[in-house]
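Input: a single structure, listed below in structure tokens.
The values are calculated or read from the model by the stated rules, or taken from the named source; none is laboratory data. Only a predicted model underlies this, so the values are computations on that prediction, with no experimental measurement involved. Ideal geometry is used to build each Cβ from the backbone, glycine not excepted, and the neighbour counts take in all protein chains shown. Calculation scope for accessible area: heavy atoms of the full protein, side chains included, ligands and nucleic acids excluded. Shrake-Rupley method; radii C 1.70, N 1.55, O 1.52, S 1.80 Å.
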Amino acid sequence: MYLDLDVQLCMALQKGDEDAFSRVFDQYNRLFYALAYRFLKSREEAEDAVQYTFMKLWEERTRLDFRSGVRSLLYTILKNHVLNELRHRNLVYEKNYLMAQEIDDTDDGFLKAYEERNMQEQLIIAINKLPAQKSIICMMKLNSGLSNQEIADQMQITVATVKSHYTQAIKMLRQEFIAVCLSFVVFLGLI
């Protein structure tokens, strides 16, 4: 009986029956999403793979061979798409690796200097976002290299207060830099 239902579904699909397509989609989309996600490790790419699979089924329905059943046909379409995506991903990784190997030491020195300057600028911006006392204490340590006692004397506060503000400022700056680094990594598409 199940086989007859599958044969009827295949025949309806080949004729362009949208209800049959909806039933197939409802029945198999979660299964194929899970399968695509297992290999692609990306929600968006898995969704794209499933969308491609069902789009291909609909667009090619008159030319496809349904003898092995809808599920088997969908699996074949998805498998080929995922393999192509993984192959393409590997080619991109290889190309980027080769390009990175071609960078000579002078470029590397320039990049390091640029990154250091950029990090210092980001640090100053982040320090300026801190509450006033925390910002002042950080700048006194960074620019003047003053000790906690010297800062306490100049600001007319206790050494414990200086330590407390500085510790809190470091925690806030760490969170700021984690957020900046994560957004940069996402921008580069590394995760």
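Tabulated results
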quantity: The range 34-47 - phi-based ³J(HN,Hα) in whole Hz, Karplus 6.51/-1.76/1.60, Gly and Pro as x; calculated: 4, 5, 5, 5, 4, 9, 8, 6, 9, 4, 5, 5, 5, 4
quantity: Given charges at beta-carbon only (K, R positive; D, E negative), |dipole| of the chain in Debye; calculated: 580 debye
quantity: Accessible area in the full protein assembly, largest first, 1.4 Å probe, for F25, F177; calculated: F25, F177
quantity: Per residue value of the accessible surface for the chain (all protein chains in place, 1.4 Å probe), Å²; calculated: 73 Å²
quantity: Trypsin sites (Lys or Arg not before Pro) lying in DSSP loop within the range 50-99, provided at most 13 other Cβ fall within 10 Å; calculated: R63, R67
quantity: Equivalent ellipsoid dimensions for the chain as semi-axes, Å, which come from the Cα gyration tensor, largest first; calculated: 61, 22, 10
quantity: Computed E for K163/Y114 - FRET, C-beta separation, R0 30 angstrom, nearest 0.05; calculated: 0.30
quantity: Note, ³J(HN,Hα) from phi for the range 21-30, Karplus 6.51, -1.76, 1.60, rounded to Hz, x at Gly and Pro; calculated: 4, 4, 5, 4, 4, 4, 6, 10, 4, 5
quantity: Links that overshoot a 22 Å alpha carbon limit, given the list K56/K95; K56/K79; K41/K79; K112/K163; K112/K141; calculated: K56/K95; K112/K163; K112/K141
quantity: Pair E44, F177: separation of 7 Å Cα→Cβ label points (nm); calculated: 2.8 nm
quantity: Environment charge of V24, counting only residues whose C-beta is closer than 11 Å and scoring Lys/Arg +1, Asp/Glu -1; calculated: -2
quantity: Heavy-atom accessible surface of the chain: percent carbon and sulfur, 1.4 Å; calculated: 56 percent
